[in-house]
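Below: the structure, in structure tokens.
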Ligand code: PLP
């Protein structure tokens with residue numbers, strides 16, 4: 001740290017310069033992120049609650065109420081009005097709390113968790129941290145976990161089954177109804193990671209036709225992760241964890257002897273109320289109709305891009321379920337690198353040898369058209 005401070009003007013000028021090194025979602029070049037520009041109301045709400053600390057909720061009863069209301073909104077959306085939970089630092093912490101609850105409510109000495117091979121990498125961290133043995137279940141030809149495989153993985157040490165509603169790599173939805181029935185039949189905790197899909201699938205018109213339903217309507221679903229800092233257009237960090245049964249809270253409780261409340265239930269101690277206020281504000285402003293419009297725009301653009309990609313003779317890994325598109329050429333890694341050189345941020349997924357893009361609200365039709373033009377030039381002339 002410097003000995004003498006600088007002027008406010010200097011500090012801000014330098015920050016502005018440094019900010020230029022970062023991407024701006026609004027430029028429409030980021031096609032690899034599940035985060036997006038926060039909704040304008042989220043930015044305002046975030047600023048209003050900058051000093052709020054939900055780690056010490058007795059000091060911030062207003063913020064605490066916003067968290068309860070945001071959780072209630074999510075619970076109602078996911079068909080369990082009385083679900084209990086928190087707005088935490090993201091999908092990773094939400095999944096961690098679910099696995100902790102599953103482990104500690106089971107009292108099994110050598111706990112195992114059945115995780116689809118397509119599940120998010122956060123489960124690798126979590127299994128390490130919680131000393132859980134991951135048992136990997138394979139997927140079918142549509143990249144959905146195979147329920148028969150899951151059944152075969154069950155042992156007397158199984159403490160949880162995980163399913164994903166919107167996988168990070170392909171956006172596919174596991175057969176949650178079938179998994180829920182398996183979990184119920186065996187009395188096993190069933191966690192659904194809907195970090196991505198939780199604020200999309202409820203607004204899709206055709207969810208039931210396509211077996212995308214995933215929420216607490218299925219009695220075997222014990223907990224759900226759903227992230228407001230993804231399609232919820234809140235500020236970062238905002239991940240939601242919801243439990244059907246409030247008895248799970250005992251398993252994730254830590255006593256806090258000198259704070260205004262006598263217990264915490266989240267992994268993070270001091271935690272900002274600002275993204276919670278932002279989450280609450282977006283829900284209030286948009287309502288279900290507003291969210292449905294945002295999701296429908298993203299899905300329309302996803303379809304536009306997927307048709308354009310097929311016209312370029314690139315192979316789609318699978319028809320898009322949500323707002324994630326994955327495609328291949330003969331040399332997909334090189335294709336991703338060439339796109340990057342032209343200023344497009346896309347992912348390369350080694351496991352599936354494909355290029356992956358995610359269509360978030362910051363992408364507009366004009367960005368998609370320019371992307372397809374560049375993709376056509378690169379793929380047509382040098383890659384295919
Ligand atoms: N689960 C899924 C399905 C995800 O897509 C992600 C992030 O992309 C996560 C969990 C982890 O979320 P976070 O990065 O907010 O911790």
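None of the figures in this text is laboratory data; all of them are computed from the coordinates on show. Here the structure is a predicted model, which is why all the values come from computation and not from measurement. Glycine also receives a Cβ, built like all others from the backbone with ideal geometry; neighbour counts cover every protein chain displayed.
How would you order 32-38, 289-295, 7-13 from highest to lowest mean count of nearby Cβ atoms within 10 Å?
32-38, 289-295, 7-13
Extending each Cα 7 Å along its Cβ direction at residue 377 and residue 253, get the distance between those two points in nm, one decimal.
About 6.2 nm, to one decimal.
Which order, highest average first, do 86-95, 51-60, 198-207 follow once you tally other Cβ atoms within 10 Å for each residue and take the mean per peptide?
Ranking the peptides 86-95, 51-60, 198-207 by packing returns 86-95, 198-207, 51-60.
For residue 130 and residue 262, FRET efficiency with R0 = 30 Å and r from the beta-carbon atoms, rounded to 0.05?
The computed FRET efficiency comes out at 0.80.
Taking R0 as 35 Å, what's the FRET efficiency between residue 333 and residue 211 from their Cβ-Cβ distance, rounded to 0.05?
Taking R0 as 35 Å, the efficiency between residue 333 and residue 211 is 0.60.
Say R0 is 45 Å: what FRET efficiency, to the nearest 0.05, do residue 47 and residue 342 get from their beta-carbon distance?
The value I calculate is 0.80.
With just the Cα atoms of the range 147-244, tell me how far they stretch along each of the three principal axes, in Å, largest first.
That gives 41, 30, 25 Å along the principal axes, largest extent first.
Among 281, 195, 330, which one shows the highest mean-square fluctuation when the chain is modelled as a Gaussian network with alpha-carbon springs under 10 Å?
It is 330.
At a 10 angstrom cut-off on C-beta neighbours, averaged per residue, how do the peptides 220-231, 242-253 rank from highest to lowest?
So the order, starting with the most tightly packed, is 220-231, 242-253.
Describe numerically, in nm with one decimal, the distance between label points set 7 Å from Cα along Cα→Cβ at residue 37 and at residue 82.
The answer from the label model is 4.3 nm.
List residues of the range 291-305, by number, whose backbone nitrogen lies under 15 Å from a label position 7 Å along Cα→C-beta of residue 366.
Taking a point 7 Å out along Cα→Cβ of residue 366, no residue of the range 291-305 has its backbone N under 15 Å.
For a quick check, take a GNM of the chain with Cα springs below 10 Å and name the residue from 299, 233, 360 with the largest mean-square fluctuation.
Most flexible of the set in this elastic network: 299.
Which residues among the range 127-151 fall inside the zone where the amide N is under 17 Å from a point 7 Å beyond the Cα of residue 177, along Cα→Cβ?
Only 144-148 pass the distance filter.
Distance between the C-alpha centers of the range 50-105 and the range 314-384? Whole Å please.
Using only Cα atoms to place each centre, the spacing works out to 36 Å.
State the percent of C-alpha pairs, over all pairs in the chain, separated by a distance greater than 30 angstrom.
Roughly 43 percent, once rounded to a whole number.
Okay, helix-only estimate at 222 nm for the chain: each DSSP H run of n ≥ 4 adds -39500 (n - 2.57), divide by all residues, round to 500 deg cm²/dmol; what do you get?
Only helices count here, giving -12000 deg cm²/dmol.
Along the Cα→Cβ direction, 7 angstrom out, place labels at residue 65 and residue 23. What is the inter-label distance in nm?
Going by the 7 Å Cα→Cβ label model, 3.9 nm.
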